[in-house]
Amino acid sequence: MNTLVVGLQFGDEGKGRVSAYLEKDHDWYVRFNGGPNAGHTVYRDGKKYALHQLPSGIVFGKKVALDAGMVIDLEKLVEECDTVGVKLSDLHISERVHLINKKHRDQDSNGSGVGSTKRGIAYAYADKVLRKGHRAKDYDSFDMLNLYSGLPPIEDGENALYESAQGIMLDVDYGCYPYVTSSSVLPSIAHKIDMRMGVMKAYTSRVGDGPPTVSEVPGLAKLGDEFGTTTGRPRKCYWLIEDDIDYAMSIVKPDQVVVTKLDILEKIGDIYVWRGGKMIKVASNTDEYKNYLTARWPQIKYFSESPDGDLIEA
């Protein structure tokens, strides 16, 4: 089975922990969008890995592919490989991947005005669509790598997990434009997907500028240890915004949904949601809230309360 793991909010939903849990069922892990602006936190044997360009499966010895929709920073990728303990030649990289260079990073450092991570992402994508970008196939330094020209070289009988970066609300087409990322968080129609697994946090969080415009929940960011994996920036935290989840469900159409960090709300007391611009109390404790969520969205099949633990059936 080929599985898509995609965030239903503004990123930081906990996709890394879900992808890690599914490792036993997949031979390949494929990243298809974004670059070093994204981050997945994965735990294995008690060790924490902060990944940026590499798919989560690299930690578990899986075959991994960086597919054509990505932009990569080769220097940062080498550093990341060293951190994980793999070689660049262990990766499968699309020859059509575009490269981030110093010019892109310098341009980004001067300010894009939309809460950029300053990694040169938008400027690399801009060069791509202006037909003046540079791809992996253009560089001699890639001669010794496992470059491929079409889709990832996944053989019949092998299962792949397609790991999306960010979340649907940051999608360049379907997100809260212009406060979005520079790529689509959905895979190409050419990718074969059998199962769409959405990931949502029990509350809403966001790094950077732009929506949501509702009031934050005092103390929630500290309780949830909410800092961006890539930038370390503190995340703004809000009660769950139901309208965003309804919208995300209509776009992603997930077969199953995992809810993360429900346990963080145990110390909060009364639990609220935002619906139609109004803050509404829906539960007095997390057990009530869990029941509320599963009744509201029957697609919710699992909860995850630990970064390195199992998924709990709803």
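The values are calculated or read from the model by the stated rules, or taken from the named source; none is laboratory data. For clarity, every value in this text was computed on a predicted model and none was experimentally measured. Heads up, the Cβs are rebuilt from the backbone with ideal geometry, glycines too, and the neighbour counts pull from every protein chain shown.
When region 176-191 is limited to residues that are over 23 Å from Thr41 (Cα atoms) and small (Gly, Ala, Ser), the one that is farthest from the chain's Cα centre (by Cα) turns out to be Ala190.
Please list, ordered by first then second residue, the pairs with beta carbon atoms under 6 Å, 6 or more apart or interchain, first in region 203-215 and of a type in the set (A, V, I, L, M, F, W, C), second assigned to a loop (DSSP other than H, G, I, E, B) and crowded, with 19+ Cβ neighbours inside 10 Å. These pairs meet every condition: Val207/Gly228; Val207/Arg235. Just give me the residues in region 151-182 being modelled with pLDDT under 95 and among the small types (Gly, Ala, Ser), in sequence order. Listed by number, the residues that qualify are Ala165, Ser182. Please work out which residue is modelled with the lowest pLDDT, limiting yourself to region 256-311 and to residues that are basic (Lys, Arg) and closer than 22 Å to Asp225 by Cβ. Within region 256-311, the match that is modelled with the lowest pLDDT is Lys267. Condition test on Thr230, is it at pLDDT below 95 and either more than 23 Å from Gly208 (Cα to Cα) or surrounded by 16 or more Cβ atoms within 10 Å (Cβ to Cβ) (or both)? Taking the combined requirement at face value, the residue satisfies it. Residues that are charged (D, E, K, R), closer than 23 Å to Leu4 by Cβ, more than 18 Å from the chain's Cα centre (by Cα) and in a loop (DSSP other than H, G, I, E, B) are absent from region 130-151.
The strands (runs of 3 or more DSSP E) falling completely within region 24-71 that include 3 or more residues that are crowded, with 23+ Cβ neighbours inside 10 Å and within 14 Å of the chain's Cα centre (by Cα) map to 28-31. A Cβ distance below 6 Å, combined with a sequence gap of six or more or placement on separate chains, defines the contacts here; from region 44-67, residues that are closer than 17 Å to Ser164 by Cβ reach residues that are hydroxyl-bearing (Ser, Thr, Tyr) and part of a loop (DSSP other than H, G, I, E, B) in the pairs His52/Thr230.
Restricting attention to region 39-92, the residues that are among the polar types (S, T, N, Q) and in contact with a Ser or Thr (Cβ under 6 Å, 6 or more places away or on another chain) add up to 2.
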